[in-house]
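One structure is given here, and the rest of the page talks about it.
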Amino acid sequence: MDLRHSRTLLHYACAFSLFLISSLALSVVHGQTTIPIVKEIRVRDIGSGSINEEFVLSHVSTKAGFELDRFALSRDIKTILDTGFFSYAGAELEPVDDGVILVYVVEGKLKLANPVEVIGVRHFSKSKIQKLMALRKGDFIDEQLVNINLNKVKEKYFEHYYSDVNAQAKIEIVDPSNGLANVILKIDEGKRTRIKSVDIVGNKKVPTSVIRKIVKQPSRWNPFRIFWKRRYDNAEFKAAQSEIRKICIDNGLLDAVVEPLLVTGDPGSDLKLTVRLSEGDQYRIGNLALEGVSIFPEQELKKVITVKTGDVASKSAIDRSSQALRDYYGDRGYMNTGVRLVLVPDKSKQTIDVMFLLAEGQLVKIRNIRIRGNTQTRDKVIRREIVVDPGDVYNARKVRISESRLRNLGFLSEIRTHPENTAVNDVKDLVFEVAEKRSGQFMLGAGFSSIDNIMGFAEISQGNFDIANWPAFTGGGQKLKLSAEMGSKREQYNLSFVEPWFMDRQLSFGVDLYKSYRKYSSYEINKKGLALTITKPLSAFDRISFQYELEKVNEMKDTNVYVYVDVERDGSETLSFDEDDLLKSSFKVSVTRDTRDNPFVSTRGTRASLFSYASGGLLAGDVDIYGMGTRVKHYVPLWFKHVLSLLVRCEVVEAYGDGGQVPYAERLFVGGGNTIRGYDYREVGPKAYRIGDDESRYRPYGGKSLAMASAEYNIRLASKMRFAGFYDIGNVWSEPYEMDFGKLASSAGLGIRLDLPGFPVRVDYAWPLKKDDDVTNQDKWVVWIGYDY
């Protein structure tokens, strides 16, 4: 541990206070207001051992013969402490004729003579405790540093359920002349106590699941609940008691009494935690009133109040109405509007009358918008996300939107706003105080999926890239990502660059360079290409994208030459998979609406997209096709925070021109993975049989029409774990716009979702319910890495 980190502001406060007292005494003695001259500088040691006076004086800037500078003296004391050799440094002033004698008072740190001596430890080894103390022979020590490290030892015992551990450290000086000391650590471990179960008594209105969450007991649906144990912690129990009381008040239980959480059982064994409460009567909202209103019509303000007469008297709901009134004024430029609540309960009627007392603020305009705290990020990168302008009436809602947009940039750790006074009372400067955080990221990992088997991935990204800022290349708000995925059946390399404000307009411009390799059962496909994308936001939730893509596709054929026939057409059509290398030049337009509450683990909202694309023709290239489709996924929040997600997806693709065909790499497939689980990857749909050595062999060849739907029910088991039940149905068909919904494949199953940051995993087991044909292979297990967008 760095010794400098062990010092606190107490050193500086003591030293500076001593200096001020000495200065004041000097002024009183001399009755003067002039700045005294430093006649002599001395050093006095108040600790054990010896110190080098010249070493101390070499770290100070104050010199004899010059006027006393209290700011320079304060810096000198800080510099002495920063050397790491002293546990205390201060200054004293001794009046003399025509000036003062400056005395630096220091206390040198001791040196550890021997390794820390540990007494009384049983659960851990002595070497483990010594490692936690992080003190080696020859280290500088003081009481503060020893106590800081001692707290780490105590915390480790707490983690292992020793809640009554008593650990004390003593510093014994063994060689005063050389400043050497030993540290003796005495530990009384006490007995190991763990909370195994929780008993909740007396709750009728407050759900048991809510109380379980407060006391950190897993849900009854959590399969790992049998292993649950938590440590005994009185501070946490008191906080839980206060939180349960708050929940009661939010349910209108104003007279609720929550007893102190009781732990029963013998020390040294598993204990039981009892939560006992008396809820009392539930109050409801009585009369609602407003006072102090003069600027806006009272009827308009009443519409802002969300609580109504007869509602449960929830304190948080009343507070939200109070905040809504402040926001109403703030959105119209009236800053500092205050709302005071007067609550009058009537026990006989079990109601509570609510009065909102308003102190209306002053109409304020914004003069300048100032940005502070950004050392790497350009001002314009922050300023372009702010939706208020100089000269506007101060709008609190727009200021909050601006703060949210800045947080969404991903490279600012803190955003604070406040108005700053100007020479005119009703004109303010709006200040955005920001703090930057690390925007670069490197990820490396490995995993397994049922499609790719063993796979690994690596990613380097910079979320605040600036292509024009050489050599730092940071501060421009651009996104740069280099990623690679490698597996036994797949390789994917991608370089992505995004300029979110192209030409200083609200246009996102992206460039993607990629190369991919995919191995299927009887063939391989290599792709490499370039994509250019421009995206324009249409509203807060909607955007439109235009993309041009140039791609070269190289399909590796079977080693043996076979002829395939379409089984759906009774062998009337011979299919060839012997395609030359193809160059595809395409243009795509897509419109997306996204109202989800979270882009990764969504609990409500919808993500819907509609797209159309065309290749070849005026765009040149070897592929003349067009396609269109839609994908809609809707999330419905249910009881107990369960979530139902519903997915519908439809697509068509077709060739145009003389004798054109849809290349194999551009056909549509379903089966396995993120489509219809329970079947082999891309197995559902049209198949071609092989004529030749073995007529029983076939291969899926995809279709030109696709339709599928899925429903999934999610139950949260823990903070990073969900349980899911699902149903999938769909198919692909040979011809565009010709969908036979009497011929669908379907499946149902169960799964686990592990929402691990940077490495989400889905494990599903599916039972095929109905096949699209008799030969479609099953694959009941699906392991998938990544989120389903």
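Return the carbon/sulfur percentage of the accessible area of segment 51-183, one whole number, probe 1.4 Å, all protein chains in place. The computed percentage sits at 48. Computed from Cα atoms, the angle from the helix 234-250 axis to the main principal axis of the chain rounds to 60 degrees.
Output the pairs from 308/641; 315/347; 398/588; 380/428 with a Cα-Cα distance over 28 Å in this structure; if there are none, say none. Exceeds cut-off: 398/588.
With contributions of -39500 (n - 2.57) from each DSSP H run of at least four residues, the per-residue ellipticity at 222 nm computed over the chain stands at -5000 deg cm²/dmol. Taking all protein chains together, 638, 262 sort by accessible area into 262, 638, largest first [probe 1.4 Å]. Residue 639 contributes about 150 Å² of solvent-accessible surface, heavy atoms of the protein only, 1.4 Å probe.
Probing with 1.4 Å while keeping every protein chain in the model, the per residue accessible area of segment 37-125 equals 49 Å². Put simply, the Cα atoms of the chain extend 118, 72, 68 Å along their principal axes, the longest span coming first. Loop-located trypsin sites (Lys or Arg not before Pro) in segment 332-371 (DSSP state other than H, G, I, E, B) with a sparse environment of at most 15 neighbouring Cβ atoms within 10 Å: 347, 349. Averaged over its residues, segment 623-778 has an accessible area of 43 Å² per residue, based on protein heavy atoms and a 1.4 Å probe.
When the residues 650, 248 are ordered by accessible surface, computed with a 1.4 Å probe over the protein chains alone, the sequence from largest down reads 650, 248. Defining a contact as two alpha carbons under 8 Å apart and six or more residues distant in sequence, what relative contact order in percent does segment 384-453 show? After rounding, I find 22 percent. Of all the accessible heavy-atom surface of segment 295-418, with the other protein chains kept in place and a 1.4 Å probe, what percent is carbon and sulfur? Taking all protein chains in place, segment 295-418 shows 48 percent carbon and sulfur surface.
Measuring max minus min along each principal axis, the C-alpha atoms of segment 388-544 give extents of 77, 34, 30 Å (largest first).
Mind jotting down the distance between the C-alpha centroids of segment 399-478 and segment 580-653, whole Å? Between the Cα centre of segment 580-653 and that of segment 399-478, the gap is 27 Å. For the chain, the dipole from Cβ point charges (+1 on Lys and Arg, -1 on Asp and Glu) about the Cα centre works out to 2200 debye, to the nearest 20.
Accessible surface comparison of 497, 502, probe 1.4 Å, protein chains only, largest first: the order is 502, 497. Relative contact order for segment 600-744: 19 percent, from Cα pairs under 8 Å spaced at least 6 residues apart, divided by residue count.
Per-residue Karplus couplings for segment 251-260, computed as 6.51 cos²θ - 1.76 cosθ + 1.60 with θ equal to phi - 60°, are listed in order as 9, x, 8, 5, 9, 5, 10, 10, 6, x Hz, Gly and Pro entered as x. Keeping all protein chains in place, calculate the accessible area per residue for segment 317-384 (probe 1.4 angstrom), answer in Å². It amounts to 52 Å² per residue over segment 317-384. Roughly to the nearest percent, how much of the accessible area of segment 576-685 is carbon and sulfur, given a 1.4 Å probe? For segment 576-685, the apolar C and S fraction of the accessible surface comes to 57 percent. The trypsin sites (Lys or Arg not before Pro) of segment 38-87 that DSSP puts in a loop, and whose beta carbon has at most 14 other beta carbons within 10 Å, are 63. I need the trypsin sites (Lys or Arg not before Pro) found in segment 383-455, filtered to DSSP loop residues with at most 10 other beta carbons within 10 Å of theirs. Sparse-neighbourhood loop trypsin sites (Lys or Arg not before Pro): 438. Measuring only protein heavy atoms, the 1.4 Å probe finds residue 738 accessible over about 110 Å². Need one word for segment 271-423: rounded, prolate or oblate. Basis is the Cα gyration tensor (sqrt eigenvalues a ≥ b ≥ c); a/c below 1.5 gives rounded, then a/b vs b/c decides. Judged from the Cα gyration tensor, segment 271-423 comes out oblate (a/c at least 1.5, b/c at or above a/b).
Got a number for the accessible area of residue 276? Probe 1.4 Å, square angstrom, nearest 10. Roughly 110 Å² of residue 276 is accessible to a 1.4 Å probe.
The values are calculated or read from the model by the stated rules, or taken from the named source; none is laboratory data. Every value quoted in this text rests on a predicted model; they were computed, and no experiment measured them. Positions of Cβ are generated from backbone atoms using ideal geometry, with glycine treated the same way; all protein chains shown enter the neighbour counts. Keep in mind that these areas ignore ligands, DNA and RNA; they rest on the heavy atoms of the full protein, side chains included. Shrake-Rupley method; radii C 1.70, N 1.55, O 1.52, S 1.80 Å.
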